[in-house]
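Below is one structure; the comments refer to it alone.
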Amino acid sequence: MLSKRIANITPSATHAMTARIAEKRAAGEDIITFSIGEPDGPTPQPIVDACKQALREGKTKYTPTNGIAALREAICEKLKKDNGLVYTPAQICVSSGAKQALSNAVFALCDEGDEVLIPTPCYVSYVEIVKLAGGVPVLVPTNDDFSLNTENFRNAITPRTKLILLNSPNNPTGAVYSRASLEALGEIAEEKDLYVISDEVYEKLVYDGAEHVSIASVSGAMYERTVIVNGFSKAFAMTGWRLGYTASNLAISKACNAFQGHMTSCPVSFVQYAALKAFTDCGDAVEEMRRAFEQRRDYMHARLNAMPGIRCRKPQGAFYLMPDVRAYLGRSCGGRTIGTAEDLCNYLLDEAGVAAVFGEAFCMPGTVRFAYANSMENIRLGMDRMEAALKKLN
Ligand code: PLP
């Protein structure tokens, strides 16, 4: 009954974990979630107020497919101010979340059989979006510290390679790619005639003074070859509002617009008006959130590393930690043996009421992804419970 394309995709492991948590909570269990990739705080009030006003003013009809002009202009200003990149509003396509922006870009660039290089570990949806577009995902391992390995990229390139799908700051590792590594990759892309989709949704969440660099800014050639994907979900705690965008050369922008026109017509009208406030009225709220994440990262990182056998790098971005848990594979408790990171996550969920996502979902077995987008109190309690549960594994 189902198409080969749909039969061939793997449902999102993070959404599957969310469903398991809901089941357990419905059964009265107390679960602490480190599995969901969304800011725990509320959407800043100026955005909420602007949304109400837009609704009162009747801004409830279709908008242009690529978004209202005022928002595309505001996005151009943001790109100039934050990234030093000059775009015109026609080069922006506003969409229903960064995920749709990503899908637009992949469908705009990928022909049947085109190979798409994806550094791993990677965001759960990349492989599936590429497959849906008829492309072939090619996984390119990063270095041990999750930085880009340009040699691995060179080795993965074939005559069918079309595209690189980058994400910095990174989900799931939290890695922030250096300017030098992006310049090196840009040179390869230029030499081999490749395009880059650069997913920058965690741009605002960088720590220790780290700098977010868009690969579109490393050279004039990369400006032409890069589709920036960004959105409002992570920076402005707007996951449920569904708003993202692409910035690219005009031809790709028109293609994204054409594709989106047949998929969703346009992003939600009143959400676009509300988002205008994000760039002008929310700087303090974003900085407050960033600082809170930095503290939580420091605390959770220290707690994880204090657990025997757990090895965790301290990344400089996003809100994820991805420790190596291989020391626990092969151990058991009460007849239950932990063979994989997925088994360990199931054990932690059942035994400690702690939810995290196994690395297999991000193409990195032997690791677990913890999102620290949760209150300090919950992080403290979750780490206590996890520590106790791990002690029981022999
Ligand atoms: N890209 C990355 C790397 C993400 O982690 C996520 C969400 O988790 C998205 C894109 C999707 O963002 P949005 O909610 O704007 O669709």
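Considering only residues in the stretch 314-330 that are under 14 Å from HIS301 (Cα atoms) and open to solvent by 60 Å² or more (accessible area, probe 1.4 Å), the one that is farthest from the ligand (Cβ to nearest atom) turns out to be LYS314. Comparison of GLU77, GLU73 shows that the only residue that is surrounded by fewer than 19 Cβ atoms within 10 Å (Cβ to Cβ), among the acidic types (Asp, Glu) and under 18 Å from PRO267 (Cβ atoms) is GLU73. The helices (runs of 4 or more DSSP H) located wholly in the stretch 1-66 that include 1 or more residues which are of a type in the set (A, V, I, L, M) and closer than 30 Å to LEU349 by Cβ occupy 4-7, 13-26. Return yes when PRO42 is touching a residue at least 40 places away in the same chain (Cβ under 8 Å) and in contact with a Lys or Arg (Cβ under 8 Å, 6 or more places away or on another chain) and no when it is not. The answer is no for PRO42.
Considering each residue of the stretch 369-392 in turn, at least one proves to be in contact with a strand residue (DSSP E or B) (Cβ under 7 Å, 6 or more places away or on another chain), under 21 Å from GLY174 (Cβ atoms), hydroxyl-bearing (Ser, Thr, Tyr) and part of a loop (DSSP other than H, G, I, E, B). Close contacts from the stretch 171-193, counting a first residue that is farther than 15 Å from GLU151 by Cβ and a second that is within 13 Å of the ligand (Cβ to nearest atom) and in a helix (DSSP H, G or I), with Cβ to Cβ under 7 Å and a gap of 6+ residues or different chains, come to PRO172/PHE362.
If you go through the stretch 121-135 and keep only what is open to solvent by 10 Å² or more (accessible area, probe 1.4 Å) and either among the polar types (S, T, N, Q) or in contact with a Leu (Cβ under 7 Å, 6 or more places away or on another chain) (or both), you end up with SER125, ILE129. In this structure, does LEU2 turn out to be open to solvent by 30 Å² or more (accessible area, probe 1.4 Å) and of a type outside the set (D, E, K, R)? When the stated conditions are applied, LEU2 passes them.
What do you reckon, is GLU38 within 15 Å of the ligand (Cβ to nearest atom), touching a strand residue (DSSP E or B) at 6+ places or on another chain (Cβ under 9 Å) and either farther than 14 Å from SER269 by Cβ or β-branched (Val, Ile, Thr) (or both)? Yes: the conditions hold for GLU38.
Applying a threshold of 7 Å to beta carbon distances and a minimum spacing of six or more residues, or different chains, the list of pairs starting in the stretch 228-241 at a residue that is at negative phi and open to solvent by 20 Å² or more (accessible area, probe 1.4 Å) and ending at one that is near the ligand (Cβ under 9 Å from one of its atoms) and β-branched (Val, Ile, Thr) reads LYS234/VAL201. Taken together, the residues in the stretch 162-202 that are over 18 Å from THR142 (Cα atoms) and either surrounded by fewer than 24 Cβ atoms within 10 Å (Cβ to Cβ) or of a type in the set (Phe, Trp, Tyr) (or both) amount to 8. Of the helices (runs of 4 or more DSSP H) entirely within the stretch 215-308, those holding at least 2 residues that are within 20 Å of the chain's Cα centre (by Cα) occupy 269-281, 283-305. Of all positions in the stretch 348-362, at least one carries a residue that is assigned to a loop (DSSP other than H, G, I, E, B), closer than 21 Å to ALA19 by Cα and either touching a strand residue (DSSP E or B) at 6+ places or on another chain (Cβ under 6 Å) or open to solvent by less than 20 Å² (accessible area, probe 1.4 Å) (or both).
The values are calculated or read from the model by the stated rules, or taken from the named source; none is laboratory data. Owing to the predicted nature of the structure, the values given are computational and were not obtained by experimental measurement. For neighbour counting, all protein chains shown are included, and Cβ atoms are generated from backbone atoms with ideal geometry for every residue, glycine included. Quick note on the areas: whole protein, heavy atoms, side chains included, nothing else; ligands and nucleic acids left out. Shrake-Rupley method; radii C 1.70, N 1.55, O 1.52, S 1.80 Å.
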